[in-house]
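This report refers to the structure that appears directly beneath it.
The values are calculated or read from the model by the stated rules, or taken from the named source; none is laboratory data. Predicted model, so just to flag it, every value in this text is computed and none were measured. As a convention, Cβ positions derive from the backbone with ideal geometry for all residues, glycine included, and neighbour counts pool all protein chains shown.
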Amino acid sequence: MNLLSKAILSATVALALTATSCQSAKFTGDTLRMDMNAYTEGTVSYKGSEIAYRAYEGIVYVASPVDTDYQTMNIYIPSAYFEGGEVNGYTAKTAPIFFPNTVGGYMPGPADQPGLDPHGKGPNSIFCALEHGYVVASAGVRGRTSGKVTTEFFEGSVGGTVSEATGRMVGRAPAFIVDYKAAIRWLRHNADAIPGDVERIVTNGTSAGGALSALAGATGNVGDFEPYLREIGALEGRDDVWAASCYCPIHNLEHADAAYEWLFCGHDDWHRTKHQRTDDGGFVRVPDEGVMSVEQAALSPLLKALFPAYVNGLGLVGEDGEALTLEADGTGSFADWVRRWVVASAQHELDTHDNERNRVWLQVAGSQIDAQGYLEVRDGRVVGLDWEAFVAKISRMKAAPAFDALDLRSPENEEFGDEHVDARHFTAFSTEHSTVAGAELASPEVVRLMNPVPWIADDNPGVAPHWRVRHGSFDRDTSLAIPVILATMLANKGFDVDFALPWGLPHSGDYDLDELFAWIDGLGEKS
Ligand code: DHB
């Protein structure tokens with residue numbers, strides 16, 4: 001078929017589908033109906049690879065949006081699916097719907113486009129997913145800085161000036177997951193018109209965006225979100241997903257301070273690199289380091305002491321059915337379990353040198369597997385790990401408390417604010433130790449809506465059946481215990497979990513898209 005006849009064919013298909021959608025819009029007054037005629041055509045190419053797609057951009061997925069900068073979705077569909085074609089063995093009927101978000105730092109995540117990754121990882125996930133034959137739906141969602149201009153920038157964020165100073169702080173918890181769910185419902189509502197299989201939606205995100213992905217995976221169809229969904233005119237219907245891909249999810253916030261001190265207590269110096277947005281839409285890295293004050297250091301053991309009760313209440317079990325618990329001093333089978341994941345990561349890198357070979361641009365300097373004196377290696381096997389030396393090597397990034405700041409100035413404090421109260425505590429500990437007169441504690445209901453773990457623990461029937469969780473072994477944005485709890489609980493509940501702490505990697509995501517897509521491809525039949 002020549003190019004001209006291809007173009008005519010695709011135009012014909014578009015018109016045919018549009019006729020159907022217009023009819024249905026007329027009879028139902030359905031403003032949330034996909035207009036299949038409202039597309040542009042594009043191709044993306046990178047190093048010789050090219051993919052033609054149809055782009056449906058700027059779709060407002062709720063009837064009563066409160067922030068149209070963010071509550072929009074872009075949908076990209078390989079053109080082949082409008083011509084009865086296949087891409088990578090998938091068809092218009094069977095292609096999974098890749099559903100990435102661009103949330104970082106609990107900030108708003110605008111709908112994204114195929115292009116280059118802002119962190120220099122090459123083509124972004126949307127580009128690669130299209131090339132791989134997935135339908136891509138990129139939903140924008142509100143965040144804690146919706147309504148104000150900010151120079152903050154985080155892993156998972158995209159570039160560009162995305163915040164407008166409306167002064168209306170309409171993106172605070174649980175807005176991001178409410179929007180994500182509304183967009184999922186919109187996709188299901190339009191399933192008959194859009195190529196792709198709505199029963200194979202795969203969420204993806206990094207850091208706070210990884211938490212969002214985990215929340216979508218854990219809270220499918222949970223009725224507690226209904227009032228929030230109704231407020232923005234979301235469609236009714238199911239919002240559960242098939243699979244959740246979570247890179248370094250910054251989640252379980254109300255237990256993250258204790259988990260952090262369980263790992264870093266006794267290590268008082270902190271090292272971090274802040275990202276700051278620049279006027280040209282890019283960002284710069286600003287190194288920042290220090291030592292905890294006497295007051296901060298005194299909080300550390302108090303927070304650490306809270307962690308065993310939390311872990312022991314989870315009822316987690318390890319591979320051999322052993323209870324994963326902690327003694328009052330923080331030692332115990334759960335500590336051994338976390339350590340086993342680190343050793344497994346080291347062993348994998350020792351066997352493959354995968355990150356050293358393929359992700360040297362991302363690996364933390366000095367993390368090369370053969371240069372880690374705290375690992376004892378015999379005959380190619382990692383047989384020992386000096387835990388405290390490992391913790392000193394990866395080093396603390398945040399002073400205590402790491403998340404619920406006593407002065408209410410952490411990103412998470414702002415996330416738990418609302419239109420009227422700028423920031424709140426979300427732990428009893430920091431509320432008690434607050435340095436801000438009259439500081440409020442967020443409602444337990446909202447805190448719970450922001451944490452995937454309790455919904456999995458309480459057997460929500462809408463939990464996604466498939467999960468992939470990655471957290472770099474050198475990622476100190478949250479404690480290594482946090483992703484281990486998530487993955488272990490999922491496995492204990494019988495879900496399909498692919499979990500790893502890739503060796504030497506920092507707080508980052510989308511660095512192994514080939515593996516991610518191979519995992520997705522392995523979850524179901526292609527045709
Ligand atoms: C992110 C990183 C953090 O350290 C944090 O506390 C919250 C969010 C992020 O990169 O999204």
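So here's what we get for this one:
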| quantity | calculated |
| --- | --- |
| In region 467-525, the residues that are out of contact with any Asp or Glu (no Cβ under 9 Å at 6 or more places or on another chain), over 20 Å from Trp361 (Cβ atoms) and part of a loop (DSSP other than H, G, I, E, B) | Thr478, Leu480, Gly494, Phe495, Gly522, Glu525 |
| Ala481 being surrounded by 23 or more Cβ atoms within 10 Å (Cβ to Cβ), free of Cβ contacts under 8 Å to residues at least 24 places away in the same chain and touching a Leu at 6+ places or on another chain (Cβ under 9 Å) | no |
| Enumeration of residues in region 255-293 that are under 11 Å from Ala400 (Cβ atoms) and part of a strand (DSSP E or B) | Trp270 |
| Residues satisfying the stated conditions in region 155-206, i.e. surrounded by fewer than 20 Cβ atoms within 10 Å (Cβ to Cβ), at pLDDT 95 or above, over 11 Å from Ile97 (Cβ atoms) and of a type in the set (Gly, Ala, Ser) | Ala193 |
| Helices (runs of 4 or more DSSP H) contained in region 380-442 and holding at least 3 residues within 22 Å of Thr331 (Cα to Cα) and touching a residue at least 60 places away in the same chain (Cβ under 8 Å) | 387-394 |
| All positions within region 443-475 that are among the small types (Gly, Ala, Ser) and out of contact with any strand residue (DSSP E or B) (no Cβ under 7 Å at 6 or more places or on another chain) | Ser443, Ala457, Gly462, Gly472, Ser473 |
| Matching entry among Leu362, Leu350 (being in contact (Cβ under 8 Å) with a residue 12 or more places away in the chain, in contact with a strand residue (DSSP E or B) (Cβ under 7 Å, 6 or more places away or on another chain) and either more than 16 Å from the ligand (Cβ to nearest atom) or assigned to a loop (DSSP other than H, G, I, E, B) (or both)) | Leu350 |
| Residue match in region 107-120 (condition: modelled with pLDDT of 95 or more, at positive phi and either surrounded by 24 or more Cβ atoms within 10 Å (Cβ to Cβ) or more than 15 Å from the ligand (Cβ to nearest atom) (or both)) | no |
| Among the residues listed as Ser157, Ser138, the single one being of a type in the set (Ser, Thr, Tyr), within 16 Å of the ligand (Cβ to nearest atom) and touching a Ser or Thr at 6+ places or on another chain (Cβ under 9 Å) | Ser157 |
| Members of region 379-398 found to be of a type outside the set (Val, Ile, Thr), within 16 Å of the ligand (Cβ to nearest atom) and either surrounded by fewer than 22 Cβ atoms within 10 Å (Cβ to Cβ) or more than 17 Å from Asp257 (Cα to Cα) (or both), listed by number | Ser395, Met397, Lys398 |
| So Ala129, is it modelled with pLDDT of 95 or more and surrounded by fewer than 24 Cβ atoms within 10 Å (Cβ to Cβ) | no |
| Pick from region 223-252, criterion more than 16 Å from the ligand (Cβ to nearest atom) and of a type in the set (Val, Ile, Thr), ranking: surrounded by the fewest Cβ atoms within 10 Å (Cβ to Cβ) | Ile232 |
